[in-house]
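*Asks:* Before I ask anything, let me first share the structure, which is written out below as structure tokens.
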Amino acid sequence: MLSVAGPHEKLLIGRDAHKSVVSGLILSGIKPVWVEPRWDARRHLAHPPAAEGFEAAFHAHPDAKGALVTSPTPYGSCAELRAIAEVCHRRSVPLVVDEAWGAHLPFHPDLPTWAMDAGADICVTSIHKMGSGLEQGSVFHLRGDLVPPELLKMRADLLGSTSPSVLTYAGLDGWRRQMALHGTELMGAALDLAAEVRAAVEEIDGMHVQGREDFCGPGLADDFDPLPVIIDIGGLGVTGFRAADWLREQRGLDAHLVDHRRIGAQITHGDDRQTTGELLAALKDLARAAPGLGPGPRVDVPSPSELRMTQAGLPRDAFFGPTENVPTRDAAGRVSAEMVTPYPPGIPAVVPGERLTEPVLRYLRTGLEAGMYLPDPSDPEFETIKVVAAGEGAAE
Ligand SMILES: Cc1ncc(COP(=O)(O)O)c(C=O)c1O
């Protein structure tokens, strides 16, 4: 992001961005022009924005310096990167892809196309997620001539430690070697295993595995990674939060992704029939235990239009300017000075500089009561929220 835009310059960004992108906005002073994700109102899920969304945003903001899209999302749904890259390149500005969940994509033809093959200019990938790197082993890739390598190097230098970890680098190199030698075979095996798991979970009463038919189609995602096994447990009558707590406490199993109605199990090339056997046994036990768990508090999930708030000022100005703490019950109408993020998947419901609305505040309050994890608000109980001090406004 820093290599594409600077303070007060505009960057088009899908609003389903991860909190690390918002941290980037706060640190850089870049002005986000949010592009609407494609909402599936029935399944309560956001897919990456369409190329037309970026086209329209460039039309309204011809001075934007580039675009940023998250693909795959933590749910495994993918954007039409080639078309979005073309929209950017027609204006000679770069496309940055947050490919945090896509480290494995280049290594098997049956996986969605990775950002560099789709013509993106920069992509950022967490090798420790779908690859075999050690935690914090993330890399970026650069192609084309819209972002000069020396500029990227200079700006990236601002963020890197001057004491790099040789373990992290060795982990990255180990992953590179493993993929160069065995990538297709390992990813092929992971795809076969994921197909088996998907079919077996679908057989469990009360569970539905969300597949291509749920995620892709007109108005939805353009492609789909089958390795994240996203399970809608609406039929069990418990929230994803309650189910994930049960799996952790009773079976020592951590769901990768949890929301009010889903849990996710991430299959990787590190899995085999033993790990998936443990997963399937635990899920069957969960289905049996569910009636005894009770439904748990209800989460008041806003409609897609209610989820969107107005960006009243720069995230950086709201975050660093004068603030006050107000009760969350009275905060509607005020401009947030902090980020509030249901984690996982880590997409901020509230970004600094956004004008708070009651549906979003109620979603977070009811979510917290139901077991949602909010790592970032200054008041962990979310009784109060930090807002831009009265009379300060949030400077544009
Ligand atoms: C979509 C997305 N982008 C970025 C990140 C941040 O990556 P890292 O944990 O490597 O800093 C995450 C982490 O979960 C993510 O889900």
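The values are calculated or read from the model by the stated rules, or taken from the named source; none is laboratory data. Because the structure is a prediction, the values reported are computed rather than measured. Glycine also receives a Cβ, built like all others from the backbone with ideal geometry; neighbour counts cover every protein chain displayed.
*Asks:* Would you confirm whether any residue within segment 322-334 is within 16 Å of the ligand (Cβ to nearest atom) and at pLDDT 95 or above?
*Replies:* no
*Asks:* Could you check, for segment 85-101, whether at least one of its residues is under 20 Å from the mean Cα position of the chain (by Cα) and surrounded by fewer than 20 Cβ atoms within 10 Å (Cβ to Cβ)?
*Replies:* No, every residue in segment 85-101 fails to be under 20 Å from the mean Cα position of the chain (by Cα) and surrounded by fewer than 20 Cβ atoms within 10 Å (Cβ to Cβ).
*Asks:* Consider only pairs whose beta carbons are under 6 Å apart and that are at least six residues apart or on different chains; among these, list those whose first residue lies in segment 235-249 and is touching a residue at least 12 places away in the same chain (Cβ under 8 Å) and at positive phi and whose second residue is in a loop (DSSP other than H, G, I, E, B) and surrounded by fewer than 17 Cβ atoms within 10 Å (Cβ to Cβ).
*Replies:* Final answer for the pair search is G237/P295.
*Asks:* Now for a separate question. Considering each residue of segment 277-299, count those that are within 30 Å of V360 (Cα to Cα), under 28 Å from the mean Cα position of the chain (by Cα) and surrounded by fewer than 17 Cβ atoms within 10 Å (Cβ to Cβ), and give that number.
*Replies:* Of the residues in that region, 3 qualify.
*Asks:* Inside segment 42-57, can you point out the residues that are farther than 18 Å from V258 by Cα and assigned to a loop (DSSP other than H, G, I, E, B)?
*Replies:* Once the filter is applied, which keeps residues that are farther than 18 Å from V258 by Cα and assigned to a loop (DSSP other than H, G, I, E, B), segment 42-57 yields P48, P49, A50.
*Asks:* Limited to segment 58-83, what total is found for residues that are hydrophobic (A, V, I, L, M, F, W, C), away from the ligand (no atom under 16 Å from the Cβ) and assigned to a helix (DSSP H, G or I)?
*Replies:* 3
*Asks:* What's the total number of residues in segment 199-219 that are part of a loop (DSSP other than H, G, I, E, B) and either out of contact with any strand residue (DSSP E or B) (no Cβ under 9 Å at 6 or more places or on another chain) or surrounded by fewer than 19 Cβ atoms within 10 Å (Cβ to Cβ) (or both)?
*Replies:* Result for segment 199-219: 7.
*Asks:* Looking only at residues that are hydroxyl-bearing (S, T, Y) and within 22 Å of A156 (Cβ to Cβ) in segment 112-130, which one is surrounded by the fewest Cβ atoms within 10 Å (Cβ to Cβ)?
*Replies:* Ranking the candidates gives S126 first.
*Asks:* Quick check on this structure: which one of V147, V124 is in a strand (DSSP E or B) and in contact with a strand residue (DSSP E or B) (Cβ under 7 Å, 6 or more places away or on another chain)?
*Replies:* V124
*Asks:* If you don't mind, another one. Just to be sure before I move on: is I347 within 16 Å of the ligand (Cβ to nearest atom) and either in contact (Cβ under 8 Å) with a residue 40 or more places away in the chain or not basic (K, R) (or both) in the structure I sent?
*Replies:* In short, yes.
*Asks:* Can you find a residue that is over 18 Å from I122 (Cβ atoms), surrounded by fewer than 24 Cβ atoms within 10 Å (Cβ to Cβ), within 23 Å of the chain's Cα centre (by Cα) and modelled with pLDDT under 95 anywhere in segment 65-78?
*Replies:* Yes, segment 65-78 has at least one match.
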